[in-house]
1. Rounded, prolate or oblate, given the Cα gyration tensor of the range 67-147, with a/c below 1.5 counting as rounded?
2. Between the range 79-105 and the range 143-160, what is the separation of their alpha carbon centroids in Å?
3. If exposed GluC sites (Glu not before Pro) are those in a DSSP loop with at most 13 other Cβ within 10 Å, what is the longest stretch of the chain that has none?
4. May I ask you to derive the FRET efficiency for E136 and K164 from their Cβ-Cβ distance with R0 = 22 Å, giving the value to the nearest 0.05?
5. Between D127 and K49, what length in nm is gained on full extension when 0.36 nm per residue of separation is reduced by their alpha carbon distance?
6. Which value in nm describes the separation of the simple spin-label points at K107 and D67, placed 7 Å from the Cα toward the beta carbon?
7. Output ³J(HN,Hα) for the range 34-51: one whole-Hz value per residue in order, computed from phi by the Karplus curve 6.51 cos²θ - 1.76 cosθ + 1.60 with θ = phi - 60°, and x for Gly and Pro.
8. Which aspartates and glutamates, if any, have their Cα less than 19 Å from the Cα of K114, not counting same-chain residues under 8 positions apart?
Amino acid sequence: MVQEIFDRNGISADATTILNIWNESGRYYHDIDHLNYMIDAIQKFSLSKEDEDLLIIAAVFHDIVYDPMKFDNEEKSAEFFVNCCKNKLDKRNLLIKQIILDTKTHKPTEWLSKVFCDIDMDIVLKDYNTLLEWEEGIYNEYKGWGNEKYKEGRLKFLNSLLDKYPQNAGNLMKLIKHVEEKY
């Protein structure tokens, strides 16, 4: 399916190679399961085929470059995507690039980006046990920073979610307490 979408949209990339990147060791949350979740969620929206393709391409490339020790993953992922485009200045390709870049802050610049960012951050609306699984995956990806730096950065991020996702504040608070106590 992904190769057909690439071919239909002028993306010069081998889907098998791209999908293998999502299976690389060191990916515990930002892995093929995360990608498959996003694709499934995108397909549940009532979108035109064109917009669905656009968001699936964004999903495939949004975490294609993922190094938890670096701060430019979104920029590198967007660059990787653009390098796979036959027409780098095509309006749709520029939109996909922007959607990828918007995942750095999850502050969408337009409505398709909002749909995408909402799907990407849907994890924070899950039950506590799912949040614990998410936490374990994120910790395994970022443990190279050491527990102290990880804890500091993770608590800052989790606390920033409380105002954005008040409907799940109880579970998020339990997760914050878990991180405070564990690391």
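1. Verdict is oblate for the range 67-147.
2. Using only Cα atoms, the two centres lie 29 Å from each other.
3. 25-109
4. 0.50
5. Gain on stretching D127 to K49: 24.9 nm.
6. 2.6 nm
7. These are the phi-based 3J(HN,Hα) values: 4, 4, 4, 4, 5, 4, 4, 5, 4, 5, 7, 6, 8, 10, 5, 4, 4, 5 Hz.
8. Qualifying aspartates and glutamates at Cα under 19 Å: D40, E50, D51, E52, D53, D63, E74, E75, D102, D122, D163.
The values are calculated or read from the model by the stated rules, or taken from the named source; none is laboratory data. Quick caveat: nothing in here was measured; it's all calculated off a predicted structure. In this analysis, Cβ positions are derived from the backbone assuming ideal geometry, glycine residues included, and neighbour counts consider all displayed protein chains. These area figures cover heavy atoms from the full protein model, side chains too; ligands, DNA and RNA do not enter into them. Shrake-Rupley method; radii C 1.70, N 1.55, O 1.52, S 1.80 Å.
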